[in-house]
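**Q** Pasting a structure here, questions to come.
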Amino acid sequence: MKLRRLTLIGIPYFWLLALFLIPFGIVLKISLSDIALAIPPYTPTLDISGGWQAVRDFLSELDFENFEFLTTDDLYWKAYLSSLKIAAISTLLALLLGFPMAYGMAKAREDWRPTLMMLVILPFWTSFLIRVYAWVGILSTEGYLNQFLMGIGIIGDPLVILNTSTAVYIGIVYTYLPFMILPIYATLERLDESLIEAAEDLGCSRISAFWLVTVPLSKYGVIAGCFLVFIPVIGEFVIPALLGGSKTLMIGKVLWEEFFSNRDWPVASAVAIILLLVLIFPIVLFQRNEQKQREAEQ
Amino acid sequence: MNQDTSGKEFAPWNDASEKPLITFKNVTKKFGEFVAISDLNLDIYAREFFALLGPSGCGKTTLMRMLAGFEAPTSGVIELAGQDIAAIPPNKREVNMMFQSYALFPHLNIWDNIAFGLRREKMPKDQMEARVEEMLRLTKMEKFARRKPHQVSGGQRQRVALARSLAKAPKLLLLDEPLGALDAKLRQDTQFELMDIQESTGTTFVIVTHDQEEAMTVASRVAVMDHGKLVQVDTPDVIYETPNSVYVADFIGDVNIIEGTAEANGDSVALTWTEGQPALIGSANQPIAKGASAAMAIRPEKIAISSEKPTDRTNVLQGKVLDIAYLGNISTYHVQLDNGTVIKAQIANTRRIARRNFTWEDPVWLSWTDTAGIVLAV
């Protein structure tokens, strides 16, 4: 009986250990190392055959140089700030677009809802990379959007959208919109229609019933949706790499360049560690929101 | 309920000079092809406790939702205090509703739930606070004002819902199956509380229920509905004692229905119902043609059981005890007649059960007077 319980609890902990804690330890170790022309491209590496002395030598060579380096070049903190700003604005845009869509779905006829839900999830059936590439085809100067707008005579010269931050916002909002819609829809769909009727009965107009009842009762869904968009967007790198120009600074892109272009694994790891620290705060808030929602539903 | 404070009988529906608070004039409501309410006329008077009673799907809830403003009649006019309310949206009507699910706002505490409607009126703060406190006192919920709805019991939630709907002092309060979620004991207590509150506030109550006992207990008048029509609208005692149709007799309380052919016989009507048995004598409210098919409705508690053939009663039948349902205060005897018909008769258990007079298979005589049964056209 005890063994069974241990196994049951042990499996998820083992999973966390193997797939989160150990990789995290490795990244942390690399971030404390120095760049080297070797395979792997950093030093020191641990050689246990050297015994206790080798381990001590290994530890003495670790330092915080890479983190200090991050503070000397303003590229890094600007990239962090820019990522936070882009994530915040994208989250707001996704909320403004996602809430009405979720509301529309929740108010739709019951037999339509599964179909609408399918339409929201449908893009996931195609590779994310291909979908972002598709936006290149739409947004470029010779792309479908410019052809269409020029064709109907709204504009004379093509709009430059690709390789600007506008394109990045379009790409991010498009990609992450389902993560905003689904949790909001889940709370709105469960909302008892008689609550709205009760609010109207007690003197609310339709609009004030929406603000005083629907909005507060969808709070947890809205918060969950915002975090589900905000957290991954901070580290996003594919969208700014493909749709953004050189001016769009995001920490995910910086990290990618350090790692693959400069082959500076230690600095890239230091960037990743800081990114993780930045993300811990919203992740903790997100967990708290989930817990509160569960409590409220009891 | 039929007595008002002055001791004079409260019966505005019998007073031609009295103006009704609510009037339904030829109201029809259709949902697509389905007719929920069909050409309905009804007057409800101020300070009444009016019950809409019927099986599910009879249109009683639709009728209530039309009063609240959530549904509009397809044709016909609904007047509140002489004014057509068709164009008035729910938030502008002086009508409040207590929902079946209570519909308390889960994100607001009980105090704020009750204050919700008053805040929408932009009532001055001190006045509003006084009103909320008054409602809390009325429903005995003062101690729980700061709790959220999910932190109080079902009965308390029901009271909060009542307090919230009464807070705005509406002309008319609608109650949609208000006690449906409560257990039997709490239901009874709450029924009396509802009556007290209705009387002390002087508000007109319209209650929707499928529970005939509840309707009989609380209401000044009961409307029995079926398939979108009113079958009978009367005080509970009239509905019970002189139902106007087999449907009403069957719906309200326990009843024996004996079908046969009517033979006019002065004020009372004789009913031939089976070969070799004497005709049954009962009273009739409406004239029934000789030879028309009719049915006698006779309540089980009006039938006496005896071991000797009674000589002083008009209707006498012989049978044997088939079943006994012991309900504590009363026992219902199922007596099978010679032709197979089963008649229910009730006896109050004024003696301890050990001294019961009859048991299974005992031959017994059933008897009732010539005014106990009602003969109805079928």
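**Q** Given (1) without any contact (Cβ under 8 Å) to a residue 24 or more places away in the chain; (2) within 14 Å of another protein chain (Cβ to nearest Cβ); (3) crowded, with 22+ Cβ neighbours inside 10 Å, where does A:SER194 come up short, assuming only one miss?
**A** If we test A:SER194 against (1) without any contact (Cβ under 8 Å) to a residue 24 or more places away in the chain; (2) within 14 Å of another protein chain (Cβ to nearest Cβ); (3) crowded, with 22+ Cβ neighbours inside 10 Å, just (3) comes out false.
**Q** Looking only at residues that are over 30 Å from B:ARG187 (Cβ atoms) and in a helix (DSSP H, G or I) in region B:73-112, which one is farthest from the other protein chains (Cβ to nearest Cβ)?
**A** Among them, the one singled out is B:LYS92.
**Q** Criterion first (out of contact with any Leu (no Cβ under 9 Å at 6 or more places or on another chain) and within 23 Å of B:THR242 (Cα to Cα)) does B:PRO300 satisfy it?
**A** Yes; evaluated as a whole, the condition is true for this residue.
**Q** Testing B:GLY180 on (1) under 29 Å from the mean Cα position of the chain (by Cα); (2) under 22 Å from B:GLN100 (Cβ atoms); (3) open to solvent by 10 Å² or more (accessible area, probe 1.4 Å); (4) outside the structural domain of B:THR217 (by TED's automatic domain parsing), one condition comes back false. Which one is that?
**A** Exception for B:GLY180: condition (4).
**Q** Count, please, the residues in region A:269-298 that happen to be away from every other protein chain (no Cβ under 14 Å), surrounded by fewer than 11 Cβ atoms within 10 Å (Cβ to Cβ) and not polar (S, T, N, Q). Break it down stepwise before answering.
**A** Restricting attention to region A:269-298, the residues satisfying the condition of being away from every other protein chain (no Cβ under 14 Å) are A:269-291.
The next check asks that each one be surrounded by fewer than 11 Cβ atoms within 10 Å (Cβ to Cβ); those that pass are A:277, A:280-281, A:284, A:291.
Going one step further and asking which of them are not polar (S, T, N, Q), we end up with A:277, A:280-281, A:284.
Total meeting the criteria: 4.
**Q** Can you give me the ranges of the helices (runs of 4 or more DSSP H) entirely in region A:1-87 with at least 3 residues that are at positive phi?
**A** Helices (runs of 4 or more DSSP H) meeting the threshold: none at all.
**Q** Still on this structure, please answer the following. Can you name every residue in region B:323-378 that is touching a strand residue (DSSP E or B) at 6+ places or on another chain (Cβ under 9 Å) and at positive phi?
**A** Across region B:323-378, the qualifying residue is only B:GLU361.
**Q** Conditions: (1) of a type outside the set (Ser, Thr, Tyr); (2) closer than 30 Å to A:VAL271 by Cα; (3) touching a helix residue (DSSP H, G or I) at 6+ places or on another chain (Cβ under 8 Å). A:LYS78 meets all but one. Number of the miss?
**A** Only one criterion in (1) of a type outside the set (Ser, Thr, Tyr); (2) closer than 30 Å to A:VAL271 by Cα; (3) touching a helix residue (DSSP H, G or I) at 6+ places or on another chain (Cβ under 8 Å) is unmet by A:LYS78, namely (3).
**Q** Residues to consider are B:LYS309, B:LYS320; find the one that is in the same structural domain as B:ALA264 (by TED's automatic domain parsing) and at pLDDT 90 or above.
**A** B:LYS320
The values are calculated or read from the model by the stated rules, or taken from the named source; none is laboratory data. Nothing here was measured: the structure is a model prediction, and the numbers come from that model. Don't worry about glycine lacking a Cβ; one is built from the backbone with ideal geometry, like all the others, and counts go over all protein chains shown. Note: areas computed on protein heavy atoms with side chains; ligands, DNA, RNA excluded. Shrake-Rupley method; radii C 1.70, N 1.55, O 1.52, S 1.80 Å.
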